[in-house]
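The values are calculated or read from the model by the stated rules, or taken from the named source; none is laboratory data. No experiment lies behind these values; they were computed from the predicted model shown. Note that each Cβ is placed from the backbone with ideal geometry, even for glycine, and that neighbours are counted across all protein chains shown. Heavy atoms of the whole protein, side chains included, go into the accessibility calculation; ligands, DNA and RNA do not. Shrake-Rupley method; radii C 1.70, N 1.55, O 1.52, S 1.80 Å.
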Amino acid sequence: MAWNDLPMDLLRCISSQLSIVDLARLSIVCTSWNLTLANYALLGFQCYPSPWLLLPNDVGEASDTLTFYDVTIEEKADVGCHRRFSSLSSLIYGRRCFGSNDGWLVTLDKIDLQPHLFNPLTKAEILLPSLFTIPKDQGHIIEPEYAPDGSIRFFCNEVSSYFTVDEEGLRDIYFHKIIVSSNDSFRTTVVIYGFTKALALARPGDQAWVLGPQLPPYTLKHNEQFEDVYYHDEDQRFYAITHFSMVLSFDLNGQNVEIICPAMRDPCWRNRHSDYMYYIAFMSGTLLKIERVIIGSSYSCPQWVPVKDLCGYSLFVGCNQTFYLHHMIAPGIRPNCIYFADHLSDMLPENVNRDAGLFELQSRQFQYFLDSDSQSNWPPSIWFTPSLSIS
């Protein structure tokens, strides 16, 4: 039997055992297989997951190229490979990634503040409503102020505090992370926004965002705020962790809120350790809180039990949605590791320092992927798993 006579169902089965790079190579075997990745997607082909790290570049957001670092490790070579996608100017020029999920990057521009879901492999794109449509409430009000010279500054009223920020800085200071549901056909999306990190929800095709669950003040002196949101496929609910380790869940409409874990008792400790990030994930039925200490020491709460073994899984944290992969499903990744990428409260070019690498839980050793001496630090790195999704 000739190569071009192989049944399509058999080819789909073969593709599930290949990386996305190997699938691209498959297209040159014979004429009948000479398809684009987008065409393979239409035919229902899928590959095994392989985590890539989006790299900074020399021209920042003025680039029409995305470059990724494939961190999967060969048996005899501890090196990664670069994957480059060019001629994307209409899709990425002037935009920064604020999230990623299942092969989609979530990009956001500075002017219209309109998030796009974008697959760099298939070049499929899905639009979300502008973040300017987030409803005003007593805690979050953004109003443009126009100067005589035509420049724009934004007046932000946040819980009786007042801020002004220019057009260049609003996007990167005011918006933090965008999370997209996985097996929800509506692709419900949650944004963490504001200086006090509130939540809003929207779906493609919506005219505006709606407010998510509201948090009361933790104490008279401390405001509670959201740090991370995770979408749980099994019960189709979002789980959010706050500044003081409270965990709550809510449905795809931002309703039916349930408190899963109360806040920790010592808000003063957290206030003294501001360079501290929390991430949240469900893994094998277990709720995990990942603590990332930029400066200081770790802290444990009685509600949480330390974990020293991830049973062959590894976690990926940063501006992307937190996700995990098993080393048997994603060949080449190191088991029992936390892979991390750039993530700060204020993601501005002068603050990002190419902080991307992995931490091995058992040896407690770090390995860094990016050269800290390089001048390129924008856009910030982000984890991404390529896929052939088109809708």
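For the stretch 79-90, does any single residue satisfy the condition of being open to solvent by less than 20 Å² (accessible area, probe 1.4 Å), more than 28 Å from residue 314 (Cβ to Cβ) and either within 18 Å of the chain's Cα centre (by Cα) or at pLDDT 80 or above (or both)? Yes, the conditions are met somewhere in the stretch 79-90.
Residue-by-condition table, conditions (1) outside the structural domain of residue 355 (by the TED database); (2) in contact with a Cys (Cβ under 8 Å, 6 or more places away or on another chain); (3) modelled with pLDDT under 90:
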site	(1), (2), (3)
203	no, no, no
236	no, no, no
258	no, no, no
290	no, no, no
298	no, no, yes
303	no, yes, yes
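Inclusion of residue 294 among residues that are surrounded by 16 or more Cβ atoms within 10 Å (Cβ to Cβ) and at pLDDT 60 or above is not warranted. Specify the residue that is nearest to residue 341 (Cα to Cα); the eligible residues are those in the stretch 91-108 that are open to solvent by 20 Å² or more (accessible area, probe 1.4 Å) and in a strand (DSSP E or B). Checking each candidate, the answer is 101.
Of all the numbered requirements in (1) within 27 Å of residue 243 (Cα to Cα); (2) surrounded by 13 or more Cβ atoms within 10 Å (Cβ to Cβ); (3) at pLDDT below 70, residue 192 misses one, and that requirement is (3). Checked against (1) closer than 21 Å to residue 345 by Cα; (2) modelled with pLDDT of 90 or more; (3) open to solvent by less than 10 Å² (accessible area, probe 1.4 Å); (4) not polar (S, T, N, Q), residue 244 meets all criteria but (2). Residues in the stretch 109-119 that are open to solvent by 10 Å² or more (accessible area, probe 1.4 Å) and in contact with a Leu (Cβ under 8 Å, 6 or more places away or on another chain) were compared, and the one that is nearest to residue 340 (Cα to Cα) is 116. Against the conditions (1) closer than 26 Å to residue 117 by Cβ; (2) outside any loop (DSSP other than H, G, I, E, B); (3) open to solvent by less than 40 Å² (accessible area, probe 1.4 Å), residue 324 satisfies every one except (3). Screening 313, 368 for residues that are in contact with a Phe, Trp or Tyr (Cβ under 7 Å, 6 or more places away or on another chain) and of a type in the set (Ser, Thr, Tyr) leaves exactly one candidate, 313.
Yes/no per residue for (1) assigned by the TED database to the domain that holds residue 173; (2) modelled with pLDDT of 90 or more; (3) open to solvent by 60 Å² or more (accessible area, probe 1.4 Å); (4) within 15 Å of residue 101 (Cα to Cα):
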{"site": "307", "(1), (2), (3), (4)": "yes, no, yes, no"}
{"site": "310", "(1), (2), (3), (4)": "yes, yes, no, no"}
{"site": "338", "(1), (2), (3), (4)": "yes, yes, no, no"}
{"site": "348", "(1), (2), (3), (4)": "yes, no, no, no"}
{"site": "352", "(1), (2), (3), (4)": "yes, no, no, no"}
{"site": "358", "(1), (2), (3), (4)": "yes, yes, no, no"}
{"site": "365", "(1), (2), (3), (4)": "yes, yes, yes, no"}
{"site": "370", "(1), (2), (3), (4)": "yes, no, no, no"}
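When the stretch 375-390 is filtered for residues that are modelled with pLDDT under 75 and farther than 25 Å from residue 171 by Cα, the ones remaining, listed by number, are 389, 390.
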